[in-house]
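Structure record follows, encoded as structure tokens.
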Amino acid sequence: MSSSLYQALASAAEHASALTLRANLIPASALPEDKQLFVLPPTYAEIGHLASHVREDGTHQYILIESPQSWANRLEELLDRPEVGIGPMRISAGGRTLTVNELPHRVFDALLRDSEIGGLAFRATPLGQSLTEARADNATALLQSAPGTLLFGAWDSYAGARMGAAKWPAALSGQIMGFDALQTKKAGIRIDPMNIARDAVAGFKSESRAEVWTDDEAKAQKDSKGKPVALEKASEVGHGHILAELATKGAWVSRIELRSSLSLTRLRRYHFPVAGTVTAKADAAARTYLAALGLWLMHTRLTAGLELRAGAELDATQADFLVRTPLQDDTLLPITADSASTALAEAIASAKDAGFQFAGATQFTASARLEKLIQASEALST
């Protein structure tokens, strides 16, 4: 007999509009009774922290602590785990191995496009063709090999402006915000333990990445005119004092909240034919698998703790997983780590029973031109 969570997910996949997560978070340094919480939001170049307009009292209604893109990436990391039931596609390039779940454009990423197997380019392989040609009326290939594309979205931007290029909007999204935010100033300073003076350095930038700098002109980097690149101050090579600079860094907030949701309405726009035929059984099994996978991803990431960055290590003090159905009250979805894993395993079994064949791991290697590009880039950075 199926678990109660699996049954709830199967029903929701067919009738509900979304699975919604709301969680209250606190920093690792805070206590639940604290009235104000200090957190370090992400800092963006030329912008600083992203926040709503400042209010008369100097605070902001909200400040962004985790963007939707970053939240998606944190969930995607889990797609390589065996509980997902799918062996990820891997790419060996530049001495590294990456999975499709680490690529910013997912199945449409340039690294995957420029890789091959058996001398055949990714997009020319049967697997590559099925993934890049998948559409809403036939999303089976993505379900069986790269469900992250269905959950987090992707766009085949390299297909050019031709009509019908694949665009998969995100079904699973979320963000973390702090409320009633008062941004703070922070001064950074570095004290050199050897008390090296700013103007004491006399030398050149070195050609060797290991040395960084040199007093031997023959080993120095050369500028466009062939002259050695001289150092102007000790801080260029990590020595000397760095004086305090005042900058906006961090915020005090009244509460921190994670808001995440999986659109079941969007998943019902997709069909998943088996052997070329669309059936209600197969569609229901596919959507239930994606719902169970999305729920497992959110719960697993939340219970593991959220180490966003230094100063933003967050833990949940309370979380509600809800089923949202139009014109009805939200329904609380009781969930534990065991029940989430069990429901996902049941969804995998049901999908296989409906005829789906989940992929095993597939290894691609970088093409010769991609390896040359990587090597040329590394040479420029030395």
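Quick note: the coordinates plus some simple rules give every number you see, no bench work behind them. Everything quoted here is computed from the prediction, not taken from an experiment. Neighbour counts are summed over all protein chains in view; Cβ atoms, including those assigned to glycine, are modelled from backbone coordinates with ideal geometry.
Highest mean first, what order results for 229-238, 2-11 on Cβ atoms within 10 Å?
The most tightly packed comes first, giving 2-11, 229-238.
Apply the Kirkwood formula to the range 47-198: the hydrodynamic radius equals the inverse of the mean of 1/r over all pairs of different alpha-carbon atoms; give it in Å with one decimal.
18.8 Å
For the chain, report the convex hull volume of the alpha-carbon atoms normalised per residue, in Å³, without decimals.
Measuring per residue, one finds 214 Å³ for the Cα hull of the chain.
Can you find, among P27, I117, A304, the residue sitting farthest towards the positive end of the charge dipole of the chain, where Lys and Arg contribute +1 and Asp and Glu -1 at Cβ?
It is I117, whose Cα lies furthest towards the positive end.
Relative contact order, percent, of the range 192-240 when contacts are C-alpha pairs under 8 Å separated by at least 6 residues?
Value for the range 192-240: 44 percent.
Looking at the square roots a ≥ b ≥ c of the eigenvalues of the Cα gyration tensor of the range 173-275, which shape do they give, rounded for a/c under 1.5, prolate if a/b is larger than b/c, or oblate?
Verdict is oblate for the range 173-275.
Which of A202, S224, G238 sits closest to the plus end of the dipole of the range 192-240, meaning its Cα is farthest towards the positive end, when Lys and Arg get +1 and Asp and Glu get -1 on the C-beta?
S224
Residue separation times 0.36 nm, minus the C-alpha to C-alpha distance between A304 and Q357: what's the value?
Contour length minus Cα-Cα distance gives 16.1 nm.
So who's got an amide H within less than 5 Å of the one on G250, skipping anything under 5 residues away but keeping other chains? H placed 1.01 Å off N, in plane.
Long-range HN contacts for G250: T184.
Using the structure shown, list the pairs from K185/K205; K222/K249; K185/K233; K167/K352; K186/K222; K225/K372 with a Cα-Cα distance above 29 Å, or answer none.
K185/K205; K222/K249; K186/K222
Provide, as a two-decimal number, the C-alpha radius of gyration of the range 192-240 over 2.2 N^0.38 Å, N being how many residues it has.
That works out to 1.15 for the range 192-240.
Bin all alpha-carbon pair distances of the range 119-244 at 5 Å intervals from 0 and give each bin's fraction as a whole percent.
Percent of pairs per bin, in order: 2, 8, 11, 10, 7, 5, 4, 5, 10, 14, 14, 8, 2, 0.
So what are the ³J(HN,Hα) numbers for the range 133-146, from phi and the Karplus equation (6.51, -1.76, 1.60; θ = phi - 60°), rounded to whole Hz, Gly and Pro as x?
So the Karplus estimates, Gly and Pro as x, are 9, 4, 9, 4, 7, 7, 9, 4, 4, 5, 4, 7, 10, 8 Hz.
Taking the convex hull of the alpha carbon atoms in the range 300-347, what volume per residue do you get, in Å³?
120 Å³
Using a 10 Å cut-off on Cβ atoms, rank the peptides 171-184, 21-34 from the highest mean neighbour count down.
171-184, 21-34
Name the shape class, rounded, prolate or oblate, that the alpha-carbon gyration tensor gives for the range 271-341, where a ≥ b ≥ c are the square roots of its eigenvalues, rounded holds for a/c under 1.5, and otherwise prolate holds if a/b is larger than b/c and oblate otherwise.
Since a/c reaches 1.5 and a/b is larger than b/c, the shape of the range 271-341 is classed as prolate.
How far apart, in nm, are the 7 Å Cα→Cβ label points at W155 and Q36?
Result: 4.1 nm between the two label points.
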